[in-house]
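Written out below as structure tokens is the structure these notes cover.
The values are calculated or read from the model by the stated rules, or taken from the named source; none is laboratory data. The structure presented is a predicted model; accordingly, all values stated were derived computationally and were not measured. Cβ coordinates were reconstructed from backbone atoms using ideal geometry, including for glycine residues, and neighbour counts include every protein chain displayed. Protein only, heavy atoms only, side chains kept; ligands, DNA and RNA dropped before computing areas. Shrake-Rupley method; radii C 1.70, N 1.55, O 1.52, S 1.80 Å.
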Amino acid sequence: MAWLVGVLTLLAAYLLGSIPTGYIIAKAVQGIDIREHGSGNTGATNVMRVVGKKAGIAVLVVDLCKGLLAVLMVQGLLTASYANLPVWLETLPWWMTGAGLLAILGHSRSVWLNWTGGKSAATGLGVLLALCWPAGLGAAAVFGVTLGLSRIVSLGSITAALASVVFMVVFQQPLPYILLAIAGSLYVILRHRTNIQRLLEGTEPRLGSRTPTS
């Protein structure tokens, strides 16, 4: 029974992460499929460029909350259900790690959008904040500094993803959290491979540029 509850909570974490925030907001505000405009993904940056700043900020906040809530939900449900099972609680960091990874995967591979989605940076930050808020704030600070200096969102996301691994080690987090930071950062970087190509070519758009809907 305990394992069944654990698996169901992980499934719930994926479904929470897979809520297509950018798609829903773009459809509500402008009646468009955001995947057919700009960079073609449902993330906050693309929504901001195509739909506008307010819509992009709304997507950013909700996507961050998806990652945060997915981990806290699993932690709360399993702790409340099996607080009397020490062996079960010893494995809790692994369950929370699984919830975080599935929320990140759900954001980028949403079951509701035929396995498409965003690039998982905001949802990944929410996961970090839930697992270790100092590491999450550190990664957010790295993102902010990089963005302020370069005005390139993708570069900020990539550097923040890499920094998350360093912060998890510095704050002496459990092995599952460090492994999640490594896996999550590699996945975020993989999702940004076209951005990396444009960065190398010097053609990556800077913050403030807007892509009109076609």
Given backbone amide H placed at 1.01 Å from N, residues whose amide H is under 5 Å from that of LEU207, ignoring those fewer than 5 places away on the same chain, are ILE152, VAL153
Could you give me the ³J(HN,Hα) list for the range 93-107, computed from phi with Karplus coefficients 6.51, -1.76, 1.60 and θ = phi - 60°, whole Hz, x at Gly and Pro? x, 5, 5, 5, 4, x, 4, x, 5, 5, 5, 4, 4, x, 5
In order over the range 194-205: 3J(HN,Hα) from phi, Karplus 6.51/-1.76/1.60, θ = phi - 60°, whole Hz, x for each Gly or Pro, gives 5, 5, 4, 4, 5, 4, 5, 8, x, 10, 5, x
Which value results for Rg/Rh of the chain when Rg is the Cα radius of gyration and Rh the Kirkwood radius based on the inverse mean 1/r? 1.00
Spelling it out for SER110: with amide H atoms placed in the peptide plane at 1.01 Å from N, the residues 5 or more places away or on another chain with amide H under 5 Å from its amide H are TRP115, THR116, GLY117
Suppose every Lys and Arg Cβ carries +1 and every Asp and Glu Cβ carries -1, with no other charges. What dipole size does the chain come out with about its Cα centre, to the nearest 20 debye? 600 debye
Which whole-number percent is the relative contact order of the chain (Cα, under 8 Å, 6+ apart)? 23 percent
I'd like to check one number: the per residue accessible area of the range 1-201, probe 1.4 Å, reported in Å² as a whole number. 47 Å²
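In whole percent, how big is the carbon plus sulfur part of the accessible area of the chain, probe 1.4 Å, protein atoms only? Don't jump to the answer; show the numbers that get you there.
Numbers: 7350 of 10400 Å².
Within the chain, the accessible surface is 71 percent carbon and sulfur.
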Give the angle, between 0 and 90 degrees and rounded to the nearest 10, that separates the Cα long axis of helix 21-30 from the longest principal axis of the Cα atoms of the chain. 40 degrees
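Considering only DSSP states other than H, G, I, E and B, which chymotrypsin sites (Phe, Trp or Tyr not before Pro) in the range 100-196 qualify as loop sites with at most 15 other Cβ atoms within 10 Å? Can you show the working numbers first?
Working: sites: TRP112, TRP115, PHE143, PHE167, PHE171, TYR177, TYR187; in loops: TRP115, PHE171.
For chymotrypsin sites (Phe, Trp or Tyr not before Pro) across the range 100-196 that sit outside H, G, I, E and B with at most 15 neighbouring Cβ atoms in 10 Å, the list reads TRP115, PHE171.
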Set Lys and Arg Cβ to +1 and Asp and Glu Cβ to -1, take the dipole of the chain about its Cα centre, and tell me which of GLY40, PHE143, VAL50 lies farthest positive. VAL50
